[in-house]
Structures are given as C-alpha cells and as structure tokens.
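A short worksheet on the structure shown next.
The values are calculated or read from the model by the stated rules, or taken from the named source; none is laboratory data. Quick caveat, the model's predicted, so the values are computed rather than measured. Glycine also receives a Cβ, built like all others from the backbone with ideal geometry; neighbour counts cover every protein chain displayed. These area figures cover heavy atoms from the full protein model, side chains too; ligands, DNA and RNA do not enter into them. Shrake-Rupley method; radii C 1.70, N 1.55, O 1.52, S 1.80 Å.
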Amino acid sequence: MKVSVIGLGYIGLPTSALMASHGIEVVGVDVNQNIVDIVNQGKIHIVEPGLDILVRTSVKAGHLRATISLEKSDAFMIAVPTPFKGDHEPDLSYVELAVKAIAPLLEKGNVVILESTAPVGSTEKMLEWMQAIRPDLCFPRFDEVEADLDISVAHCPERVLPGNVVQELVENDRIIGGITRQCAERAREIYNVFVEGDCLVTDCRTAELSKLVENAFRDVNIAFANELSLISDKLDINVWELIRLANRHPRVNILQPGPGVGGHCIAVDPWFIINSAPNEAKLIHTARLVNDSKPQFVLEQINRAEIALGKERAEINLACLGLAFKPDIDDFRESPALYIALQVSKMGFSKQYLVEPNINQIPIDFDHNSTELVDLDKALIGADIIVLLVDHKQFKEINPKLLLGKQVIDTRGLWSK
Ligand code: SAJ
C-alpha cells in the first residue's frame with residue numbers, strides 16, 4: 001500500500017513516520033522545500049519526543065520519503081492547518097488546495113481521508129470539490145449505500161497531545177467517520193495497520209463534531225479553573241490550594257488555571273462550533289471569552305507588581321519565563337505566554353529578560369535592544385519582577401533564595417502550590 005500524507009507538520013510527520021515504520025510506503029508532501037529536505041535527510045523540524053528516531057529509521061529503511069509534488073497513491077491523508085479568519089470564521093483554504101491537487105490523480109479504489117480538524121460539513125465539501133473536477137468517477141453520497149464506489153472519503157480527526165504524539169498515535173482510540181459506512185471501513189483498514197486503540201466507525205458529521213466537542217470540553221473546563229483564579233484573586237485566596245482541596249471530593253476534578261489557553265486546537269476548535277450554532281453554543285462561547293481574557297489579567301498583575309515595587313518603569317527589569325503555549329515544547333502557536341511577553345516588551349521596562357529553553361534565538365517580533373534571551377539564573381538574579389508563564393521542567397527546581405525580595409507572578413502555580 002502506498003499512502004501520501006499532505007502536510008508534514010505536527011500531525012502529518014509523526015503519522016507518516018509511524019505508518020512507514022509499519023511497512024507502508026509513505027510519501028510525505030509539503031509545500032515547504034526546507035521541510036522536505038530536512039525529512040529526506042532523516043531529520044525533523046519540530047520538537048517532539050521520540051519522533052527523531054522514528055523518522056530517521058523510516059527514511060533509512062526507504063519506507064518514508066518527502067516531496068513537494070503529489071503523486072498517485074492508494075490513499076491520501078490530508079493533515080494541513082485549518083485556522084480561523086479574523087472574525088473566527090473557519091478557513092478551509094489549505095484543505096481546498098490539497099483536495100483540488102489530489103483530485104486529478106485519483107484512480108478507482110483510492111481512499112481520501114481528512115485528518116485535519118474541521119467544522120461539520122467539511123468532509124462533504126471535500127467530496128463536492130473532487131466531484132466537480134472528476135465527473136468520470138463514482139463518489140459516495142452521504143449515508144447512502146452504493147454498490148460500486150470508485151472513491152472512499154472519510155474523516156479521521158487526529159486526537160494526539162503535543163509532547164506525547166508518538167505514543168498517543170498508537171494507543172489512542174480513533175473515530176473514523178465515512179461519507180458512507182463503506183468509506184469508513186476502507187479508511188479503518190489503513191488505521192488498523194498502526195493503531196493499537198479501537199478504531200470506531202461512524203458518519204463523517206459525527207466524527208467532525210466529536211473532535212470539536214472534545215476540545216471544547218477541555219476549553220470549558222479550563223475556563224472554569226481560570227474563572228476561579230479571578231474570583232480567588234479578588235477574595236485573596238490561593239487558587240492552587242483551593243483547587244487541590246476541592247479536588248479531594250470524589251466527583252470533582254478541576255483543571256489548572258494559567259495565563260490563557262494556547263495552541264492551535266483548544267483555542268481554535270470551539271469557534272468552529274460557535275460558528276455553526278451561534279445561538280445554541282452559549283456556554284462554549286463564554287468559556288472562550290473567559291480564557292481569552294486571562295492574558296489581560298496577567299498584564300494587570302504586572303502593573304500591580306510595578307506599583308508594589310515603588311520604582312519608575314524605566315528602572316525596572318522584568319523576566320518572562322517561558323514563551324511556548326505549554327510545557328516542554330517549542331510550539332508558540334496562539335501562545336498566551338508569547339502574547340504577554342510581547343505586550344510587556346512594548347511597556348518601556350528598563351530590560352526584559354526572556355527565558356525559553358526550547359529556542360536559541362529571540363523571536364523576531366521583540367525589540368532586540370531592550371529584550372534579551374538569557375538563561376534562567378541570569379534572569380532570576382537580574383529581574384525585579386519575575387513572570388512565570390510556562391511550567392517548563394527547567395523552571396520547576398529553582399533556588400527559592402533567588403526569588404527573595406522580588407515581585408513574583410506565578411501564572412501556572414509552579415511555585416505557589
Ligand atoms: N491548559 C490550562 N490548564 C489545564 C490544561 C491545559 O491552562 O489544566 C492550557 C495549556 O497550558 C495550553 C492549552 O490549555 O495552553 C491547551 O493545552 P492541552 O495540553 O490541554 O491541549 P493541546 O492543545 O496540546 O492538545 C489538545 C488535546 N485535546 C484534548 O485534550 C481534549 C489533544 O488530545 C488534541 O489532539 C489536540 O488538542 C488537537 O490537536 O486538537
């Protein structure tokens with residue numbers, strides 16, 4: 001079997017390497033020549049534990065190769081970004097480009113699978129795009145049984161956690177939603193090769209919404225924790241202790257507050273539901289607003305710390321610890337930590353220290369004169385205000401003496417717990 005994976009990012013690359021490690025011939029397709037070159041050298045362009053070995057061995061064994069041009073295959077898997085536009089409208093343009101590039105290459109018996117998270121109706125939209133280009137082929141119709149299908153079309157949303165992708169790709173259950181049952185079964189044959197979890201078959205609309213709902217569930221629960229942090233701040237209560245104690249109830253399991261919700265999934269996917277059902281998705285909408293308000297709250301805490309120091313802003317050094325959207329990765333997409341640090345860089349402090357162990361160059365958006373990427377000790381010694389934004393493992397064990405006499409804003413409860 002030959003499978004082409006379109007998009008060699010956080011999902012496409014690990015999925016490609018895993019399928020290749022199970023003996024499938026995998027062609028990774030990406031528009032970025034640099035990524036293609038890196039993968040063909042057996043290397044990776046992202047930080048993800050265990051992925052480097054998987055890619056190296058698959059490329060070496062000749063089961064995985066990368067290219068910028070699509071080729072005929074038995075199956076096509078689409079793993080491209082599905083961001084939203086300025087008004088939170090889903091942007092399916094990358095999916096559309098991929099589908100329209102695949103369509104001319106399709107042959108009878110091929111399977112086309114959408115892995116990217118997408119709003120309800122997207123798999124059927126893919127079908128329409130392909131049908132328009134290939135009227136010669138017999139495509140399925142939603143929920144109808146066709147005896148002689150030429151092409152199978154399905155949605156199998158990825159559900160892996162960045163930082164634990166390699167393990168979760170194998171172990172997680174998968175939801176496979178077909179345009180028809182037959183389509184889902186064809187797609188399941190591929191996932192059965194490398195997935196040890198259950199591959200659960202449904203229709204494409206349910207698969208689309210289930211993925212969105214999983215991330216909205218988490219967003220709503222994080223919003224609850226974030227709201228508690230605002231209430232606790234007002235009532236002068238340590239929110240970390242509050243949650244630890246409340247969680248001793250056998251049926252309570254509150255998540256952790258933070259500086260906001262980041263990443264390309266949880267901060268994005270609930271909007272796809274809100275967009276499809278604006279009048280019904282009230283709780284989901286409110287949760288998004290609560291989580292999106294957290295960075296502003298952290299900036300207010302910085303203002304308070306400044307007042308407590310009693311010095312002019314231009315005399316104060318401030319350190320931001322962490323820029324990624326969550327611990328121990330190099331992914332900055334929708335990162336509240338990055339947003340906060342960028343806002344701070346415009347506030348006119350004497351010096352801004354950035355500590356981000358997962359990068360070795362300061363991001364371009366910062367003012368390189370007043371902002372410096374430094375190691376943890378230098379930041380702790382030199383800063384008057386320390387803002388912990390990401391609970392990277394390097395920040396867990398610090399010398400508490402280095403915090404004495406400083407204003408500390410611990411947005412992750414790493415030291416305050
Ligand atoms: N966060 C909190 N408090 C918490 C948990 C998380 O503030 O208690 C924040 C994190 O710091 C981060 C954001 O939420 O900024 C999201 O992080 P995450 O670790 O919860 O999730 P992601 O975005 O890395 O991955 C999610 C996962 N979805 C669920 O857990 C339901 C993953 O399984 C999905 O595959 C992924 O989205 C995706 O690709 O959709």
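Laid out as a table, the results:
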read-out: Candidate set from region 373-405 (those that are crowded, with 18+ Cβ neighbours inside 10 Å and charged (D, E, K, R)); member that is farthest from the chain's Cα centre (by Cα); value: ASP384
read-out: Region 80-96, subset outside any helix (DSSP H, G or I) and among the hydrophobic types (A, V, I, L, M, F, W, C), residue nearest to VAL39 (Cα to Cα); value: VAL80
read-out: Residue satisfying all of: in region 1-37; part of a helix (DSSP H, G or I), under 17 Å from ILE53 (Cβ atoms) and aliphatic (A, V, I, L, M); farthest from the chain's Cα centre (by Cα) among these; value: ALA20
read-out: Selection within region 143-166 - surrounded by fewer than 20 Cβ atoms within 10 Å (Cβ to Cβ) and of a type in the set (Asp, Glu); value: ASP143, GLU144, GLU146, ASP148, ASP150
read-out: Members of region 140-175 that are in contact with a strand residue (DSSP E or B) (Cβ under 8 Å, 6 or more places away or on another chain) and either near the ligand (Cβ under 9 Å from one of its atoms) or at positive phi (or both); value: ASP143, PRO157, ARG159
read-out: Residues of region 280-304 satisfying the condition of being of a type in the set (Asp, Glu) and part of a helix (DSSP H, G or I); value: ASP292, GLU300
read-out: Tally, over region 318-345, of residues that are touching a Leu at 6+ places or on another chain (Cβ under 7 Å) and open to solvent by 40 Å² or more (accessible area, probe 1.4 Å); value: 2
read-out: Selected residue (criterion: nearest to HIS22 (Cα to Cα)) from residues of region 185-200 that are touching a residue at least 60 places away in the same chain (Cβ under 8 Å) and open to solvent by less than 10 Å² (accessible area, probe 1.4 Å); value: PHE194
read-out: Odd one out for ILE307, checked against (1) touching a strand residue (DSSP E or B) at 6+ places or on another chain (Cβ under 8 Å); (2) part of a helix (DSSP H, G or I); (3) farther than 27 Å from PRO83 by Cα; value: (1)
read-out: Hits in region 257-268 - residues which are of a type outside the set (Gly, Ala, Ser) and touching a Lys or Arg at 6+ places or on another chain (Cβ under 7 Å); value: PRO259, HIS264, ILE266
read-out: Odd one out for LEU212, checked against (1) more than 19 Å from the chain's Cα centre (by Cα); (2) more than 30 Å from ILE302 (Cβ to Cβ); (3) open to solvent by less than 40 Å² (accessible area, probe 1.4 Å); value: (1)
read-out: Test: residue in region 60-79 that is modelled with pLDDT under 95, in a loop (DSSP other than H, G, I, E, B), open to solvent by 20 Å² or more (accessible area, probe 1.4 Å) and out of contact with any Ser or Thr (no Cβ under 8 Å at 6 or more places or on another chain); value: no
